[in-house]
Amino acid sequence: MKCQKCGANNANTHVKTIINGEFREYDLCSECAHKMGYTNVFADMENDFSGLLGSFFTNVLPARTQATRCEFCGSTYSEIAKTGQVGCAHCYELFADQLYPSIRRIHGNTTHCGKNSGKQEAPEQKPAEMTKEQKISELKKQLDKAVSEQNFERAAELRDEIKETEASK
């Protein structure tokens, strides 16, 4: 595909814009893209980023002759420390003694908890005496939280409790 601006060079940059609600797409060559102000914002950071990750793995590296290689991907701990990229899932087991201190330092933990780890939070302690409005307000907050966490069973219970509280007294 040829550049839509100069028509001479092959297009290697795809640009999408929305200006005043008008959507446009352009296929440009690198020269025209640069002239129009579209540059690769990640080009300068590419080498710096791998160096940054590699700097977290500051343990003493084994000598080349003693380097253990992963039998699945061929990675050594030295390569992982340089690039900051673990070769495969088996590397975590093979290099556990070297990796876990760094992983703990970076993430604060060595077990994956995830966004929704399945752990239930303890219910909030509420004062013994709440006004009806305060209780309804608190229940609505819990309802919003349950909906945002997609815990629809709990949301239905809270909805019913809100209706019951509003109807009482």
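With the requirement that a residue be open to solvent by less than 100 Å² (accessible area, probe 1.4 Å) and out of contact with any Lys or Arg (no Cβ under 9 Å at 6 or more places or on another chain), what does the stretch 15-29 give you?
Gly21, Glu22, listed by residue number.
Which residues, taken from the stretch 1-60, are among the aliphatic types (A, V, I, L, M), at pLDDT 70 or above and out of contact with any strand residue (DSSP E or B) (no Cβ under 6 Å at 6 or more places or on another chain)?
Correct list: Ala8, Ile18, Ile19, Met36.
Quick check, is Cys91 among the hydrophobic types (A, V, I, L, M, F, W, C) and either open to solvent by 100 Å² or more (accessible area, probe 1.4 Å) or at pLDDT 85 or above (or both)?
Against the criterion (among the hydrophobic types (A, V, I, L, M, F, W, C) and either open to solvent by 100 Å² or more (accessible area, probe 1.4 Å) or at pLDDT 85 or above (or both)), Cys91 qualifies.
Does any residue in the stretch 64-93 that is charged (D, E, K, R) come within less than 8 Å, Cβ to Cβ, of a residue that is open to solvent by 50 Å² or more (accessible area, probe 1.4 Å) six or more places away or on a different chain, and which pairs are these?
Partner pairs satisfying both residue conditions: Glu71/His90.
The values are calculated or read from the model by the stated rules, or taken from the named source; none is laboratory data. Model, not experiment: these values are computed from the prediction. When we count neighbours, we look across all protein chains shown, and the Cβ atoms used for this are built from the backbone with ideal geometry, even at glycine. With ligands, DNA and RNA removed, areas are computed over all heavy atoms of the protein, side chains included. Shrake-Rupley method; radii C 1.70, N 1.55, O 1.52, S 1.80 Å.
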